[in-house]
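The values are calculated or read from the model by the stated rules, or taken from the named source; none is laboratory data. This structure is a prediction, so every number in the text was calculated from the model and none was measured. With ideal geometry, Cβ positions are generated from the backbone for all residues, glycine too; neighbour counts draw on all protein chains shown.
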Amino acid sequence: MAWASGEHFRNMPNDRLIYYAEQGNVEAQLHLAARYDEGFGIEQSFEQSAKWYRKAAEQNSAEAQFALSVMYDEGLGVPKDAKQAVFWLEKAAKLGHSFAQHSLGSRYYLGDNVPKDIWKTWRYWHQAAKQNEAKAQFGLGSLYSGILVKDLPKAKYFFGIACKNGETKACDAYQKLKAEGVK
């Protein structure tokens, strides 16, 4: 379909963007939601942003599901609702959204509106780490440093890739393990 590319909607006038969003085009809905969220070329409205993110989320857009989760978490345009935040976060994570996977793993680690579960933490962080999510890679390094199990070579490995992916705290942890002679 000619309109499938999100780039096409980037500079589209609002009236045309609204038309395509109303026709059910997920990319148009995402762009419209983002415009309302940021007040970019349109009056800022978190309520309208949430409306359009929900429409895209209901069509299995992981990006929209993650955005809707954040909106419920912060009470932007929707009532603050931790259960809805987790619901949409889980949906986005299941669709492979790497930051949703990292965030859900962090919630299970902290017991943030879900029961503490270190194994679910490991699972979600591992899924995100495979997609080069640096914070999840750092988290796995920490788990392998003794929080979950003590496997220092694995900890060093995950700290190393997290460092390469821009997580500066991981660089220090990697260097420390390297200095200690961990292979």
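When Ile18 is tested against (1) under 27 Å from Gly111 (Cα atoms); (2) out of contact with any His (no Cβ under 7 Å at 6 or more places or on another chain); (3) among the hydrophobic types (A, V, I, L, M, F, W, C), only condition (1) is not met.
The lone criterion from (1) under 19 Å from Gln101 (Cα atoms); (2) touching a Cys at 6+ places or on another chain (Cβ under 9 Å) left unmet by Cys171 is number (1). For the stretch 98-115, the condition holds for at least one residue, the condition being that it is modelled with pLDDT of 95 or more and more than 19 Å from the chain's Cα centre (by Cα). Can you name the condition, by its number, that Lys176 falls short on among (1) in contact (Cβ under 8 Å) with a residue 12 or more places away in the chain; (2) more than 20 Å from the chain's Cα centre (by Cα)? All conditions pass for Lys176, except number (1).
For the stretch 61-113, the set of residues classified as among the small types (Gly, Ala, Ser) and loosely packed, with under 15 Cβ neighbours inside 10 Å consists of Gly75, Ala82, Gly96, Gly111, listed by residue number.
Only one of Leu68, Leu89 is touching a Lys or Arg at 6+ places or on another chain (Cβ under 7 Å) and hydrophobic (A, V, I, L, M, F, W, C). Can you tell me which? Please lay out each step first, then the result.
Details: Leu89 fails: touching a Lys or Arg at 6+ places or on another chain (Cβ under 7 Å).
It is Leu68.
Would you point out which residue out of Lys130, Lys116 is in contact with a helix residue (DSSP H, G or I) (Cβ under 7 Å, 6 or more places away or on another chain) and surrounded by fewer than 21 Cβ atoms within 10 Å (Cβ to Cβ)? After applying the criteria, what remains is Lys116. Pairs meeting the criteria (first residue in the stretch 98-117 and on the phi > 0 side of the Ramachandran plot, second residue surrounded by 15 or more Cβ atoms within 10 Å (Cβ to Cβ) and of a type in the set (D, E, K, R), beta carbons under 8 Å, at least 6 apart or on different chains) are Asn113/Arg107. Residues in the stretch 88-100 that are in a helix (DSSP H, G or I) and over 9 Å from Ala128 (Cβ atoms): Trp88, Leu89, Glu90, Lys91, Ala92, Lys94.
If you take the residues of the stretch 25-74 that are over 18 Å from the mean Cα position of the chain (by Cα) and part of a loop (DSSP other than H, G, I, E, B), which of them is nearest to Val86 (Cα to Cα)? Residue satisfying both the conditions and the ranking: Ser45.
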